[in-house]
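Structure first, commentary second.
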Amino acid sequence: MNKGKYVFAQIVEFLPQRIFDGFVEKYSGNKKVHSFTCWNQMLCMIFGQLTARDSLRDLIVSLEAHRNKFYHLGFGTSVSRRNIWHANEIRDYRIFEDFAMYMIETARKTCYKSDFEINIAGNIYAFDSSTIDLCLSVFWWAKFRRTKGGIKLHTLFDIRTSIPALVIITEANVADVTMLDELYFEAGSFYIVDKGYIDFARLYAINLCKAYFVIRAKTNTKFKRLYSKPKHSENGIKCDQIGYLNTKKSKVRYPQKVRWIKYYDCDLDKEFVFITNNFELEAEKIALLYKYRWQVELFFKWIKQHLKIRSFWGHSENAVKVQIYCAIITYCLVAIVSAKIKSEHSIYENLQILGFSLLDKTLINELLTKPQLQKTIPANCNQLILNL
């Protein structure tokens, strides 16, 4: 890369503009647009995400101070608060949704880890949802409760790559368990969910697809043991049993055998009961797989704290979705950049570094790779040693 380019311009080179232009043409995003295109709009949104701007006014104030750099940063010549607001309100959010899905697939391929702790042929997914609260008087369309608005972010999180494989945005009053119907289950892959997703008819659908599920049992879940497998108490496994669900409804909805694992976590001093349809994997590894489910919780916490999706730069449903998908594009972009330059920093650390360096002209390889520590004291040093 050219050393004369700004860091932000170097990052943008990792975005496939031709692919984005294809989605723009598909939804006529640039129809009757003279200067501030969809590409300019997305770059402004990514810049705002990386610099953690709290509001659209905050973003414009920051950009205005560097107006002479707009051409080199790819923003175009007509960046204004009104233009960004108007673009977010009226330009089809599906442009950014489809591009976010493309970036997700690219990031998953780029960040794939073959040396995962558990040797499993298929993929490992954690599925969960998180509610984003909205002010009902401003976001009138996001009805949740009588005096409260909100939307829900349903995420299928790829554990191997730490990249969301699928993101679905719905109203906040949509039941989490119903979103299992929207998933395509890959044979041989694991789907890890919390006990809020217990619906044995839907879990049986996963089983019919020859995929595996791991779920926590509720306290009122009934189970009838047929036989037990060898357990290892030193690893926290209190029981590992094969049997059937033992209520009238559950027998009808899930007629086949299931595996019942009781695990004691000494760190939390808490007992967990897991239900799975996998009978080959060791019980300790089933418990470890469920521990990985917390990665999707950390992703929700992280993206809300460090990518701006709590304060929205538009009030319509379209504007909210545009900003959320731009946040996901930003996350995937940083992940791709980190993987391709083989950065030893985490994605969070790289986001912090980039937030302070977007207008520098440092080579991105030097910026995001850890410098080699050198000895500052020569070998033949005559410095006296202080004895304490």
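Every number here is computed from the coordinates shown, using simple stated rules; none is lab data. Owing to the predicted nature of the structure, the values given are computational and were not obtained by experimental measurement. Neighbour counts are summed over all protein chains in view; Cβ atoms, including those assigned to glycine, are modelled from backbone coordinates with ideal geometry.
Points to keep in mind about this one:
- Environment charge at LYS26 (Cβ cut-off 15 Å; Lys +1, Arg +1, Asp -1, Glu -1): -1
- Computed from the C-beta positions of TRP85 and LYS342 and an R0 of 41 Å, the FRET efficiency is 0.55 to the nearest 0.05.
- Segment 207-277 shape via C-alpha gyration tensor axes, a/c threshold 1.5: prolate
- Nearby aspartates and glutamates by direct alpha-carbon distance to LYS249 (threshold 16 angstrom, same-chain neighbours under 8 apart not counted): ASP199
- Toward the positive end of the charge dipole of the chain, with +1 on the Cβ of Lys and Arg and -1 on the Cβ of Asp and Glu, the farthest Cα among ILE132, TYR244, VAL322 is that of TYR244.
- Sequence ranges 212-221, 65-74, ranked by mean other-Cβ count within 10 angstrom, highest first: 212-221, 65-74
- Anisotropy class of segment 18-60 from Cα gyration tensor, a/c 1.5 cut: prolate
- About its Cα centre, the dipole of segment 207-277 is roughly 680 debye, where the only charges are +1 on Lys and Arg Cβ and -1 on Asp and Glu Cβ.
- Largest-first ellipsoid semi-axes for the chain, taking √(5λ) over the Cα gyration tensor eigenvalues, angstrom: 42, 31, 18
- Given LYS32/LYS69; LYS222/LYS270; LYS152/LYS321; LYS238/LYS270, the pairs whose alpha carbons are separated by over 18 Å: LYS32/LYS69; LYS222/LYS270
- Take every Cα pair under 8 Å whose residues are at least 6 apart in sequence, average their separation, divide by the length of segment 219-326, and the relative contact order is 16 percent.
- Applying a threshold of 18 Å to the alpha-carbon distances of LYS262/LYS285; LYS304/LYS361; LYS210/LYS257 flags LYS304/LYS361 as lying beyond it.
- Electrostatic dipole magnitude of segment 140-292 [Cβ: Lys, Arg +1; Asp, Glu -1; Cα centre; debye, to 20]: 860
- Sorting 258-264, 134-140, 107-113 by average packing, meaning the other beta carbons within 10 Å per residue, from highest down gives 258-264, 107-113, 134-140.
- Between amide H atoms placed 1.01 Å from N, distances below 5 Å from PHE223 occur with ASN246, all of them 5 or more places distant or on a separate chain.
- Dipole in debye (nearest 20) - the chain, about Cα centre, beta carbon charges: Lys, Arg +1; Asp, Glu -1: 860
- Among 237-248, 274-285, the order from most to least packed when residues are scored by Cβ within 10 Å on average: 274-285, 237-248
- Loop-located GluC sites (Glu not before Pro) in segment 66-129, at most 13 other Cβ atoms within 10 Å (DSSP): GLU117
- Dipole of the chain [Lys/Arg +1, Asp/Glu -1 at C-beta], most positive-end residue of LEU289, LEU59, LEU354: LEU289
- Placed amide H near PHE144: partners under 5 Å, 5+ positions off or other chain: GLY150
- Take every Cα pair under 8 Å whose residues are at least 6 apart in sequence, average their separation, divide by the length of the chain, and the relative contact order is 21 percent.
- Span-rule helices in the chain, defined as complete DSSP H runs reaching 20 Å or more along the axis (Cα) with Kyte mean at least 0.5: 317-340
- Label-point separation, ASP181 to LYS249 (7 Å along Cα→Cβ), nm: 1.7
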